[in-house]
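Any read-out appearing in this document is the output of simple, stated calculations on the displayed coordinates, not a laboratory observation. On a predicted model such as this, the values are computed, not experimentally measured, just so you know. Glycine also receives a Cβ, built like all others from the backbone with ideal geometry; neighbour counts cover every protein chain displayed.
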Amino acid sequence: MDYKDVMDLILDTDDVTVGGGSASALSGALACGLIGMVCKLSTKKDYGIPPDILLEYARELEELREKLLKGVVDDANAYGVIRDAYKLPKETEEEKAIRKQAIANAGIVGASAPLENAKLCRRVYDIGIELAGKTNPNCYTDLAIGCELAKIGTNGCVMNIGINLSLVKDEAKLQEFNDAIKELRID
């Protein structure tokens, strides 16, 4: 499965295998495209950031886009890990214990995928904010929309971290996830 397959599943209202986490990562990837385009369209005149720096940002955004497109799939797969853990048998005490541990482990996987995507989206957002007022004014709306998409991507991923925390039983991991939520959320 690649990001295009996941996008088709996101758009399919009858499919329940992927959702907001993958859509949030995709939002961040879209932001990369828009903000990277703005960088490239702002190199002919001095708008406040030298062309070589703008092109560095554009290259970084291309790398972030590729990571986020992978993250779209990673998030969809993380949901599968959780779903599979809940499908484990629970007839005997041993099966219940194995299932309980599998669900707790799946919770870590389920929170880790959006955590990585949130970090990437947040970097995209931070780049966009750095560029505000320093790029080709004809690209204002592209930059603004890119920033909004990166913000949506970041906050959506943060929400997906949070929704999985009830499954996580490892206190150190819980603290790590909660700290990341506070650090990454954009108000």
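The slack between ASP14 and LEU88, meaning 0.36 nm per residue of separation minus the straight C-alpha distance, is 24.2 nm.
Taking every alpha-carbon pair under 8 Å whose residues sit at least 6 apart, the chain reaches a relative contact order of 30 percent.
Per residue, the average separation of C-alpha pairs within less than 8 Å and at least 6 apart gives the stretch 89-187 a relative contact order of 39 percent. Which entries of LYS45/LYS182; LYS151/LYS173; LYS96/LYS182; LYS90/LYS182; LYS70/LYS182 show an alpha-carbon separation above 30 angstrom in the structure shown? Too far apart for the 30 Å limit: LYS45/LYS182; LYS96/LYS182; LYS90/LYS182. The stretch 132-147 and the stretch 22-40 have Cα centres spaced 13 Å apart.
If you bin all the Cα-Cα distances of the stretch 19-79 at 5 Å, starting from zero, the percentages per bin are 4, 21, 23, 16, 13, 10, 7, 4, 1, 0.
Over all directions, the average projected area of the alpha-carbon convex hull for the chain comes to how many nm²? The Cα convex hull of the chain, projected and averaged over all directions, gives 11.8 nm². Report the residue, chosen from LEU30, LEU54, LEU11, that carries the largest GNM mean-square fluctuation when the chain is represented by alpha-carbon nodes joined by springs under 10 Å. Result for the chain, Cα springs under 10 Å: LEU11 fluctuates most. Here, the stretch 68-146 yields an orientationally averaged convex hull projection of 6.0 nm² when only Cα atoms define the hull.
The gain in end-to-end length when the ASN178 to GLU130 segment is fully stretched comes to 14.6 nm, 0.36 nm per residue minus the alpha carbon separation. Here LYS44 is the anchor, and the lysines within straight C-alpha reach of less than 21 Å, apart from those fewer than 8 places off in the same chain, are LYS134. FRET efficiency for the ILE163 to GLU56 pair, using the beta carbon distance and R₀ = 41 Å, is estimated at 0.70.
Structural descriptor for the stretch 2-78: relative contact order 45 percent, calculated from alpha carbon pairs under 8 angstrom and at least 6 residues apart. Exposure proxy shown here: for ARG83, ARG99, ARG65, the number of other Cβ atoms within 10 Å sets the order, fewest to most, as ARG83, ARG99, ARG65. With neighbours defined as other Cβ atoms within 10 Å of a residue's Cβ, the residues THR17, THR92 order from fewest to most as THR92, THR17.
In terms of other Cβ atoms within 10 Å, TYR47, TYR86 run from fewest to most in the order TYR86, TYR47.
Residue by residue, the stretch 99-114 carries 3J(HN,Hα) couplings of 5, 4, 5, 5, 5, 4, 5, 5, x, 5, 4, x, 8, 6, 4, x Hz when phi is fed to the Karplus relation 6.51 cos²θ - 1.76 cosθ + 1.60 (θ = phi - 60°); x denotes Gly or Pro.
Legend: calculated FRET efficiency, LYS40 to GLU171, from the Cβ-Cβ distance at R0 = 30 Å, rounded to 0.05, equals 0.05. Residue by residue, the stretch 8-25 carries 3J(HN,Hα) couplings of 4, 5, 4, 6, 8, 5, 8, 8, 10, 8, 9, x, x, x, 5, 5, 5, 5 Hz when phi is fed to the Karplus relation 6.51 cos²θ - 1.76 cosθ + 1.60 (θ = phi - 60°); x denotes Gly or Pro.
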